[in-house]
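Data first, discussion second: the structure below is written as structure tokens.
The values are calculated or read from the model by the stated rules, or taken from the named source; none is laboratory data. Since we're looking at a predicted model, the values are computed, not measured. Cβ placement follows ideal geometry from the backbone for every residue including glycine, while neighbour counts extend to all protein chains displayed. Ligands, DNA and RNA are excluded from the accessible area calculation, which covers all protein heavy atoms including side chains. Shrake-Rupley method; radii C 1.70, N 1.55, O 1.52, S 1.80 Å.
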Amino acid sequence: MSTLFDHYDLRGLALRNRIVMAPMTRSRAVSTVPDALTATYYAQRAGAGLVVTEGAQVSEQARGYLFTPGLHSKAQVEGWKEVTAAVHAGGGTLFAQLWHVGRVAHCSVQPGERAPVSSVAKVAAGVQAFGYREDGTPGQMPASTPRALAAGELAGITADFVAAARNAIDAGFDGIEIHGANGYLFEQFINGGLNVRDDRYGGAEVANRLRFVLETVDAVAAAIGGHRVGVRLSPFNRVFDMPAFDGEADTALALARELATRDLAYVHLSNREAILAGGGEGFLKAFREAYAGGTLILAGNYTHESAASDLAAGLADLVAFGRPFISNPDLVERLRNGWPLAEADNASFYGGSAEGYTDYPAYRMEAEPA
Ligand SMILES: Cc1cc2nc3c(=O)[nH]c(=O)nc-3n(C[C@H](O)[C@H](O)[C@H](O)COP(=O)(O)O)c2cc1C
């Protein structure tokens, strides 16, 4: 029976335990370049078996929020080098999450203040994104109405992912995670309720809605090796105005079967609770079977007990914790020793500087001040 603290061989990468730090946007890269503070933050959390970074945009068009880091410029790559060196110095393993937000953006953060892009020209109703107000100050702005991407533009976005993945390897990352979850661009293509395109990238045909993400996975895998590529997905996700649709489980299982043939590093499901609500444990088991032989990571409101129980039940190979890692840099040691967990302060999740970012102490420091 596997426990949280067992080693794990992730396609040749020796993970120290089965606890993953989930990707979390922290919006502290003022100029889109990670800096020494970013390096400190991730190094403090290097005890995770695998650290996945916050989403890093693959291009300027891919950006949805102010102060998120990129992986498409020389300066950004140099900034990330500090981060990977610091995590590796702590014995950690680190993947960069690569994202394109699609329609979850306000035009003030887009190049030339143009409309963001998506599968279809339908606004994400009720969704806010971090952009500029009319007076030029930063603030939460309603997502802008996107324009539908022409089929001929998709290869360019795939190429941006390939370039960013190569940049990630140059910056010293152990691999990359393609963000296909949480209502961002790839999910805007996968979701059958939203993507009603009538070309080979959308509509009723499942294979058409999966084509864009699979073409990108294949291109990135060809560039850096499939064993260095993870994919994050969120079946039954309702966040960012993602509608329910007929055949939702079949779509996700078809994607799992496709990914299973590609010999990747892993598939990461970001929303265990939404899955249980939408598809039940039966769906999770079916997904596991469909992705047979591959490493599966599950995330979503885990506690020590529920994580250990899902591993023991064989529902996942690795479990990811998000918010607990914000406030417990030494989360693995706290879980291992049964030490109490500190609560995260929601108000400092996004933006700001060291406060609520690098100033959460490790448990031992609290108990035995130097
Ligand atoms: C502050 C914050 C930022 C997040 N940013 C991202 C992100 O950049 N990419 C992503 O895939 N998920 C993101 N998530 C979702 C987490 O990775 C995770 O799936 C979610 O928080 C559930 O795990 P938890 O209950 O352990 O926090 C974010 C979550 C939080 C709380």
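Residues in the stretch 305-331 that are within 22 Å of F95 (Cα to Cα) and over 20 Å from the mean Cα position of the chain (by Cα): L311, D330. For the stretch 30-57, residues that are part of a loop (DSSP other than H, G, I, E, B) and open to solvent by less than 10 Å² (accessible area, probe 1.4 Å) total 5.
Considering the conditions (1) more than 16 Å from the ligand (Cβ to nearest atom); (2) closer than 21 Å to I297 by Cβ; (3) in a loop (DSSP other than H, G, I, E, B), E60 is excluded by exactly one of them, (2).
Taking the listed residues G352, G356, the one that is modelled with pLDDT under 95 and either open to solvent by less than 10 Å² (accessible area, probe 1.4 Å) or more than 10 Å from the ligand (Cβ to nearest atom) (or both) is G352, with no other qualifying.
When V77, V104 are checked against the criterion of being more than 29 Å from G293 (Cβ to Cβ), open to solvent by less than 10 Å² (accessible area, probe 1.4 Å) and touching a residue at least 24 places away in the same chain (Cβ under 8 Å), V104 stands alone in meeting it. Does V83 meet the test of being within 20 Å of the chain's Cα centre (by Cα), within 16 Å of the ligand (Cβ to nearest atom) and in contact (Cβ under 8 Å) with a residue 12 or more places away in the chain? Here the answer is yes, as V83 does meet what is asked.
Of all residues in the stretch 68-78, how many are under 20 Å from the mean Cα position of the chain (by Cα) and farther than 22 Å from Q110 by Cβ? Adding up the residues that qualify gives 1.
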